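> Here it is: the structure, laid out below.
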Amino acid sequence: MAWVKQKPIFIVFEGVEGAGKTTQTRLLYEKLKRNKRMVIYTDEPGATLKGFQIRSILLEKDDEELDPISEFLLFEADRAQHVTQVIGPSLKKGFDIVCDRFSASTFAYQGYGRGLLSKFSMLMKKVDELARNGVKPDLYVLLDLSPEKGLNRIKGPQTRFEKEKLIFHHKVRKGFLEQARQNPKKWLVINASKPPEVIQEEIWQEVQKRLQKIT
Ligand code: TYD
């Protein structure tokens, strides 16, 4: 099959635990492929070999507390590796990227959830800029859901984040909504309690509009 020549689009899915990001990221990936786009599916943390090692430090709970600054820096280290090895080269080759979580998760979880943003706003932005190395998403899709509903949907063993208290997850949700409010042109906010097919269609409408603008 001949691929069409294209300018790539970089789309990120964000949201609280159990919001349905992974499902929607996969659905969009498939849809773009069916529409003859060259596209790569990826996620954070842990999309590279080194990143996968970092991921286990971040998600597994053991006897030693992880300092919030270490946590922040590890997510950014994972991101630097991800951008250098996967996202940057793929965008250069003209591939679209659909990515399950990116920088906005760091601002929501570490910035708002852990409370780092109120003290270190400038520093966080600078370090994130360093890790992104000039790469910026074109669109953030926020699947917005109450943490109560999201956590209820989660089955199986819980990660260090899923085990956090409800108040933490409420701060994270607020962090996402705040980022969306500050940059509405880059954010599509979707009520994630709707059926997956309806959500998928809403996302597809928006992505099509954006694709028409860049090609
Ligand atoms: P994961 O198992 O990949 O689940 P999901 O992304 O589907 O929720 O877990 C990643 C966890 O890491 C998730 O709880 C959110 C958290 N996280 C941060 O705290 N900061 C970040 O910058 C990123 C990318 C993720």
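The values are calculated or read from the model by the stated rules, or taken from the named source; none is laboratory data. What you see is a predicted model, and the numbers here were worked out from it, not measured in a lab. Ideal geometry is used to build each Cβ from the backbone, glycine not excepted, and the neighbour counts take in all protein chains shown. SASA here: full protein model, heavy atoms, side chains in, ligands and nucleic acids out. Shrake-Rupley method; radii C 1.70, N 1.55, O 1.52, S 1.80 Å.
> Determine ³J(HN,Hα), in whole Hz, for all residues of the stretch 145-158 in sequence, where each value follows from phi through the Karplus function 6.51 cos²θ - 1.76 cosθ + 1.60 and θ = phi - 60°; x replaces Gly and Pro.
Rounded to whole hertz, the list is 8, 5, x, 4, 5, x, 5, 4, 7, 7, 10, x, x, 8.
> Here's something else I'd like to know. Report the gain in length on full extension from residue 214 to residue 165: 0.36 nm times residue separation, minus Cα-Cα distance, nm rounded to one decimal.
Taking residue 214 through residue 165 to full extension adds about 13.4 nm, to one decimal.
> Magnitude of the Cβ-charge dipole of the chain, K/R +1 and D/E -1, about the Cα centre, nearest 20 debye?
Taking the Cα centre of the chain as origin, the dipole is about 1040 debye.
> Between the stretch 143-172 and the stretch 49-119, what's the alpha-carbon centroid distance in Å?
18 Å
> When the helices in the chain are scored as -39500 (n - 2.57) per DSSP H run of 4 or longer and the sum is shared across all residues, what 222 nm value do you end up with, to the nearest 500 deg cm²/dmol?
Helix contribution divided over all residues of the chain: -15500 deg cm²/dmol.
> In whole Å, largest first, what are the principal axis extents of the Cα atoms in the stretch 64-172?
Its Cα atoms span 41, 31, 25 Å along the three principal axes.
> A follow-up question, please. Run the accessible area of the stretch 1-60 with a 1.4 Å probe and give the carbon-and-sulfur part as a rounded percent.
Looking at the stretch 1-60 in its full context, I get 55 percent from C and S.
> Mind scanning 136/186; 93/186; 31/149; 7/33; 50/171; 50/165 and naming the pairs with a C-alpha gap bigger than 18 Å?
Correct reply: 93/186; 31/149; 50/171; 50/165.
> Which order do 71, 17 take by accessible area at a 1.4 Å probe, largest first?
So, going from the largest accessible area down, we get 17, 71.
> Next question. Using modelled backbone amide H atoms (1.01 Å from N, in-plane), which distant-in-sequence or interchain residues come within less than 5 Å of residue 189's amide H?
142
> In the stretch 85-215, carbon and sulfur make up what percent of the accessible area (probe 1.4 Å)?
55 percent
> Moving on. Mind listing the phi-derived Karplus ³J(HN,Hα) values for the stretch 85-90, rounded to whole Hz, using 6.51, -1.76 and 1.60 with θ = phi - 60°, and x for any glycine or proline?
Residue by residue, the stretch 85-90 yields 8, 10, 5, x, x, 5 Hz.
> Along the positive direction of the dipole of the chain (beta-carbon charges: Lys, Arg +1; Asp, Glu -1; about the Cα centre), which of 203, 75, 6 reaches farthest?
6
> Taking a temperature of 25 °C and a viscosity of 0.890 mPa s, what whole-number D in µm²/s does Stokes-Einstein yield for the chain with Rh from Kirkwood over alpha carbon pairs?
Answer from the Stokes-Einstein relation: 139 µm²/s.
> Given the options 215, 154, 107, identify the residue whose Cα lies farthest towards the positive end of the charge dipole of the stretch 106-215 (+1 on Cβ of Lys, Arg; -1 on Cβ of Asp, Glu).
So the residue furthest toward the plus end is 107.
> Taking a 1.4 Å probe, which of 189, 98 shows the most accessible area, and what order do the others take after it?
In descending accessible area the options line up as 189, 98.
> Considering amide H positions built from the backbone, and no H for Pro or chain starts, which residues 5 or more places from residue 19, or on another chain, come under 5 Å of its amide H?
none
> Follow-up. What order do 22, 159, 84 take when sorted by accessible area (1.4 Å probe), most exposed first?
84, 22, 159
> Taking H as built 1.01 Å from N, whose amide H comes closer than 5 Å to the amide H of residue 40, not counting residues under 5 places away?
96, 97, 98
> Then there's this: For the stretch 99-116, in order, what is each residue's ³J(HN,Hα) by Karplus, 6.51 cos²θ - 1.76 cosθ + 1.60 with θ = phi - 60°, in whole Hz (x at glycine and Pro)?
Those phi angles translate into 10, 8, 6, 7, 3, 4, 5, 5, 5, 6, 7, 7, x, 8, x, 8, x, 6 Hz.
> Further question on the same structure: Dipole magnitude of the stretch 42-85 about its Cα centre, charges +1 at Lys/Arg Cβ and -1 at Asp/Glu Cβ only, in debye to the nearest 20?
340 debye
> Using a 1.4 Å probe, what is the accessible area per residue for the stretch 1-148, in Å²?
49 Å²
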